[in-house]
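Heads up, the thing below is written out as C-alpha coordinates.
The values are calculated or read from the model by the stated rules, or taken from the named source; none is laboratory data. Keep in mind the model is a prediction, meaning the values are calculated, not measured. With ideal geometry, Cβ positions are generated from the backbone for all residues, glycine too; neighbour counts draw on all protein chains shown.
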Amino acid sequence: MFQIHVKSEIDKIIRDVKLSQKANLAGVTFDVIEKKQVYVRIHRDLMRFAFLNILKNAIEAVKSGGKSGSIKITIGLKEGDTSVVSISFFDNGIGLREGISPKVLVELGTSFNKDNDNLERSNHGVGLFVTDYIIKLHGGIFSITSADGGTEVVVLLPRDETKREKRDRKDRIEGGADDSDDEYDDPILRQQIG
(Lines give C-alpha, C1' and ligand atoms only; values in the text may rest on other atoms or scores of the structure.)
Protein backbone atom coordinates (compact mmCIF):
# COMPACT_ATOMS: atom_id res chain seq x y z
CA MET A 1 0.00 0.00 0.00
CA PHE A 2 1.26 3.42 -0.96
CA GLN A 3 0.28 6.91 0.00
CA ILE A 4 -0.61 8.76 -3.20
CA HIS A 5 -1.61 12.29 -4.07
CA VAL A 6 -5.00 11.70 -5.72
CA LYS A 7 -4.79 14.41 -8.39
CA SER A 8 -1.31 13.31 -9.51
CA GLU A 9 -2.53 9.73 -9.89
CA ILE A 10 -5.65 10.78 -11.84
CA ASP A 11 -3.50 13.00 -14.10
CA LYS A 12 -1.20 10.04 -14.86
CA ILE A 13 -4.16 7.80 -15.69
CA ILE A 14 -5.67 10.42 -18.01
CA ARG A 15 -2.31 10.86 -19.74
CA ASP A 16 -2.07 7.09 -20.26
CA VAL A 17 -5.64 6.93 -21.57
CA LYS A 18 -4.91 9.74 -24.02
CA LEU A 19 -1.78 7.98 -25.26
CA SER A 20 -3.42 4.57 -25.65
CA GLN A 21 -6.74 5.69 -27.12
CA LYS A 22 -5.84 8.67 -29.31
CA ALA A 23 -8.29 7.78 -32.07
CA ASN A 24 -11.14 7.07 -29.65
CA LEU A 25 -10.83 10.40 -27.81
CA ALA A 26 -11.66 12.83 -30.59
CA GLY A 27 -14.05 15.38 -29.14
CA VAL A 28 -13.63 14.24 -25.51
CA THR A 29 -12.21 16.74 -23.03
CA PHE A 30 -11.04 16.12 -19.48
CA ASP A 31 -11.24 18.64 -16.67
CA VAL A 32 -9.64 17.80 -13.31
CA ILE A 33 -10.52 20.06 -10.38
CA GLU A 34 -8.71 19.68 -7.09
CA LYS A 35 -10.71 21.42 -4.36
CA LYS A 36 -8.25 20.28 -1.71
CA GLN A 37 -4.94 18.50 -1.98
CA VAL A 38 -5.70 15.03 -0.60
CA TYR A 39 -3.87 11.75 -0.15
CA VAL A 40 -5.09 8.17 0.16
CA ARG A 41 -3.30 4.95 1.05
CA ILE A 42 -4.00 2.41 -1.66
CA HIS A 43 -2.71 -0.54 -3.60
CA ARG A 44 -1.70 1.52 -6.63
CA ASP A 45 -2.26 -1.11 -9.36
CA LEU A 46 -5.69 -2.13 -8.11
CA MET A 47 -6.97 1.41 -7.67
CA ARG A 48 -5.46 2.38 -11.01
CA PHE A 49 -7.57 -0.40 -12.59
CA ALA A 50 -10.69 0.94 -10.83
CA PHE A 51 -10.12 4.56 -11.90
CA LEU A 52 -9.21 3.49 -15.43
CA ASN A 53 -12.39 1.45 -15.72
CA ILE A 54 -14.52 4.38 -14.54
CA LEU A 55 -12.85 6.64 -17.12
CA LYS A 56 -13.27 4.10 -19.94
CA ASN A 57 -16.98 3.78 -19.16
CA ALA A 58 -17.32 7.57 -19.12
CA ILE A 59 -15.54 7.80 -22.50
CA GLU A 60 -17.87 5.15 -23.96
CA ALA A 61 -20.91 7.05 -22.66
CA VAL A 62 -19.70 10.32 -24.15
CA LYS A 63 -18.80 8.70 -27.48
CA SER A 64 -22.10 6.75 -27.64
CA GLY A 65 -23.97 10.02 -27.80
CA GLY A 66 -22.32 10.68 -31.15
CA LYS A 67 -21.16 14.10 -30.09
CA SER A 68 -18.23 15.70 -28.39
CA GLY A 69 -18.38 15.62 -24.64
CA SER A 70 -16.55 16.18 -21.42
CA ILE A 71 -15.49 14.27 -18.37
CA LYS A 72 -15.12 16.35 -15.23
CA ILE A 73 -13.23 14.89 -12.28
CA THR A 74 -13.56 16.70 -8.96
CA ILE A 75 -11.27 15.77 -6.07
CA GLY A 76 -11.72 16.93 -2.49
CA LEU A 77 -13.08 16.00 0.90
CA LYS A 78 -16.55 14.62 1.49
CA GLU A 79 -18.83 17.41 2.60
CA GLY A 80 -19.07 17.34 6.39
CA ASP A 81 -16.39 14.66 6.86
CA THR A 82 -12.71 15.61 6.54
CA SER A 83 -11.61 12.00 7.03
CA VAL A 84 -13.09 10.93 3.67
CA VAL A 85 -11.79 11.76 0.20
CA SER A 86 -14.40 12.27 -2.52
CA ILE A 87 -13.53 11.69 -6.18
CA SER A 88 -16.37 12.51 -8.57
CA PHE A 89 -16.27 11.47 -12.24
CA PHE A 90 -19.01 13.25 -14.21
CA ASP A 91 -19.59 12.73 -17.93
CA ASN A 92 -22.13 14.49 -20.11
CA GLY A 93 -22.75 11.33 -22.11
CA ILE A 94 -26.01 9.54 -22.80
CA GLY A 95 -26.58 8.38 -19.23
CA LEU A 96 -28.13 5.17 -17.99
CA ARG A 97 -31.18 3.64 -19.57
CA GLU A 98 -34.37 4.67 -17.79
CA GLY A 99 -35.50 2.22 -15.11
CA ILE A 100 -32.08 0.60 -14.67
CA SER A 101 -30.64 0.82 -11.20
CA PRO A 102 -26.92 1.61 -10.99
CA LYS A 103 -26.73 -1.13 -8.34
CA VAL A 104 -27.91 -3.67 -10.93
CA LEU A 105 -25.15 -2.53 -13.29
CA VAL A 106 -22.53 -3.14 -10.64
CA GLU A 107 -23.94 -6.49 -9.51
CA LEU A 108 -24.56 -7.90 -12.99
CA GLY A 109 -21.55 -6.40 -14.66
CA THR A 110 -23.60 -4.92 -17.48
CA SER A 111 -22.99 -1.97 -19.72
CA PHE A 112 -22.88 1.56 -18.36
CA ASN A 113 -25.06 3.34 -20.91
CA LYS A 114 -28.43 3.52 -22.64
CA ASP A 115 -27.18 1.79 -25.79
CA ASN A 116 -27.14 -1.60 -24.08
CA ASP A 117 -30.67 -2.99 -24.49
CA ASN A 118 -29.66 -6.38 -23.14
CA LEU A 119 -29.09 -6.94 -19.42
CA GLU A 120 -27.28 -10.22 -19.82
CA ARG A 121 -23.97 -10.87 -18.15
CA SER A 122 -21.12 -10.19 -20.49
CA ASN A 123 -17.51 -9.13 -20.54
CA HIS A 124 -18.70 -5.67 -21.48
CA GLY A 125 -19.14 -3.77 -18.23
CA VAL A 126 -17.90 -6.50 -15.87
CA GLY A 127 -15.27 -3.99 -14.76
CA LEU A 128 -17.89 -2.17 -12.68
CA PHE A 129 -18.28 -5.21 -10.47
CA VAL A 130 -14.50 -5.47 -10.05
CA THR A 131 -14.21 -1.69 -9.55
CA ASP A 132 -16.78 -1.82 -6.74
CA TYR A 133 -14.91 -4.74 -5.15
CA ILE A 134 -11.53 -2.93 -5.30
CA ILE A 135 -12.95 0.23 -3.77
CA LYS A 136 -14.57 -1.79 -0.96
CA LEU A 137 -11.24 -3.55 -0.34
CA HIS A 138 -9.79 -0.12 0.37
CA GLY A 139 -12.60 0.73 2.82
CA GLY A 140 -14.36 2.90 0.27
CA ILE A 141 -17.78 3.36 -1.30
CA PHE A 142 -18.65 3.38 -5.01
CA SER A 143 -21.88 4.96 -6.27
CA ILE A 144 -23.43 5.80 -9.64
CA THR A 145 -26.18 8.31 -10.35
CA SER A 146 -27.55 9.22 -13.73
CA ALA A 147 -29.97 11.74 -15.16
CA ASP A 148 -30.53 13.55 -18.39
CA GLY A 149 -27.30 15.28 -19.12
CA GLY A 150 -24.92 12.65 -17.83
CA THR A 151 -23.73 10.19 -15.26
CA GLU A 152 -21.78 10.75 -12.06
CA VAL A 153 -19.64 8.11 -10.41
CA VAL A 154 -18.48 8.98 -6.90
CA VAL A 155 -15.67 7.16 -5.13
CA LEU A 156 -15.26 7.76 -1.40
CA LEU A 157 -12.02 6.59 0.22
CA PRO A 158 -10.50 7.01 3.68
CA ARG A 159 -8.19 10.02 3.73
CA ASP A 160 -4.55 9.43 4.62
CA GLU A 161 -2.83 12.14 6.60
CA THR A 162 0.38 13.68 5.29
CA LYS A 163 3.52 13.29 7.41
CA ARG A 164 3.14 16.88 8.57
CA GLU A 165 -0.49 16.32 9.62
CA LYS A 166 0.52 13.18 11.54
CA ARG A 167 3.37 15.05 13.26
CA ASP A 168 1.07 17.97 14.16
CA ARG A 169 -1.58 15.61 15.54
CA LYS A 170 1.05 13.73 17.55
CA ASP A 171 2.37 17.01 18.94
CA ARG A 172 -1.15 18.06 19.96
CA ILE A 173 -1.78 14.72 21.68
CA GLU A 174 1.56 14.74 23.50
CA GLY A 175 1.18 18.38 24.46
CA GLY A 176 4.13 19.40 22.34
CA ALA A 177 2.16 21.74 20.11
CA ASP A 178 2.98 24.91 22.02
CA ASP A 179 2.99 28.02 19.87
CA SER A 180 4.29 30.31 22.61
CA ASP A 181 7.91 30.86 23.47
CA ASP A 182 7.12 31.32 27.16
CA GLU A 183 8.80 28.55 29.13
CA TYR A 184 6.42 29.24 32.04
CA ASP A 185 3.20 28.62 30.15
CA ASP A 186 1.87 26.38 32.93
CA PRO A 187 -0.83 28.41 34.76
CA ILE A 188 0.16 27.03 38.17
CA LEU A 189 3.81 27.94 37.62
CA ARG A 190 2.73 31.36 36.36
CA GLN A 191 0.84 31.95 39.62
CA GLN A 192 3.83 30.89 41.74
CA ILE A 193 6.29 32.98 39.76
CA GLY A 194 3.83 35.77 39.60
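State all residues of region 151-176 that are touching a strand residue (DSSP E or B) at 6+ places or on another chain (Cβ under 8 Å) and at pLDDT below 85; if no residue qualifies, say none. Matches in region 151-176: Glu161, Thr162. Across region 52-75, the number of residues qualifying as surrounded by fewer than 17 Cβ atoms within 10 Å (Cβ to Cβ) and either aliphatic (A, V, I, L, M) or at negative phi (or both) comes to 5.
If the condition is being surrounded by 14 or more Cβ atoms within 10 Å (Cβ to Cβ) and either within 15 Å of Arg159 (Cα to Cα) or of a type in the set (Asp, Glu) (or both), then region 1-42 contributes Ile4, His5, Val6, Lys7, Glu9, Asp11, Glu34, Val38, Tyr39, Val40, Arg41, Ile42.
Applying the condition of being of a type in the set (D, E, K, R) and at pLDDT below 90 to region 47-97 and asking which residue is farthest from Phe142 (Cα to Cα) yields Lys67.
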